[in-house]
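Okay, so here's the structure we're looking at.
The values are calculated or read from the model by the stated rules, or taken from the named source; none is laboratory data. In this text the structure is predicted, and so the values were computed from the model without any measurement. No Cβ is skipped: glycine too gets one built from the backbone with ideal geometry, and neighbour counts run over all protein chains shown. What goes into the accessible areas is simple: the full protein's heavy atoms, side chains included, and nothing from ligands, DNA or RNA. Shrake-Rupley method; radii C 1.70, N 1.55, O 1.52, S 1.80 Å.
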Amino acid sequence: MTRAEIKAFLAVVAYGSISRAAEKLFIRQSTLSGRLRTLEAELKETLFKRGRGIRSTELTAFGASFVAIAEKWEQLWQETLAAADQRQSRILCTAAIQSVNTYVLTDVYGLFAARFPDVRLRLLIRHSD
């Protein structure tokens, strides 16, 4: 199950048709249909009632129950991305002269790095004139 497949499913649910969902996702209708078929094959269930000449989509009973699961899946994906962004943005910047960095703060930096492994340290070394 990929994010593209989940997004395809949720888009069809939101827009009511495969062609409209494909248009909104900026992909071909055949690509979106392929994603839905792949998702259905993995789930071993049919998500939508299909037939020739049917313009709007109708969820099967399983499809209707899968909507909540797909929405949770997408929410978890967003939370994962947010956590990764947050982790990458945590930086502690310090500035001190070379001798203070070397003889005084070395142990402090080590303790800090051990306690907060997700925070990057940026050390600025200044010269004392």
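Here L47 clears all of (1) under 23 Å from L76 (Cβ atoms); (2) out of contact with any Gly (no Cβ under 8 Å at 6 or more places or on another chain) except the condition numbered (2). Residue count for the range 1-17 satisfying the condition of being over 16 Å from W77 (Cβ atoms), in a helix (DSSP H, G or I) and touching a Lys or Arg at 6+ places or on another chain (Cβ under 9 Å): 3. Suppose we filter the range 90-121 for residues that are open to solvent by 80 Å² or more (accessible area, probe 1.4 Å) and not aliphatic (A, V, I, L, M); how many remain? Within the range 90-121, residues that are open to solvent by 80 Å² or more (accessible area, probe 1.4 Å) and not aliphatic (A, V, I, L, M) number 7.
Here T46 fulfils each of the conditions (1) free of Cβ contacts under 8 Å to residues at least 40 places away in the same chain; (2) not in a loop (DSSP other than H, G, I, E, B) apart from (2).
Condition check for S56 on (1) among the small types (G, A, S); (2) in a helix (DSSP H, G or I); (3) open to solvent by 40 Å² or more (accessible area, probe 1.4 Å): one failure, at (2).
Per-residue answers, yes or no, for (1) in contact with a Lys or Arg (Cβ under 9 Å, 6 or more places away or on another chain); (2) among the aliphatic types (A, V, I, L, M); (3) at pLDDT 95 or above; (4) surrounded by 11 or more Cβ atoms within 10 Å (Cβ to Cβ):
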residue: S19; (1), (2), (3), (4): yes, no, no, yes
residue: L36; (1), (2), (3), (4): no, yes, yes, yes
residue: L39; (1), (2), (3), (4): no, yes, yes, yes
residue: S65; (1), (2), (3), (4): no, no, yes, yes
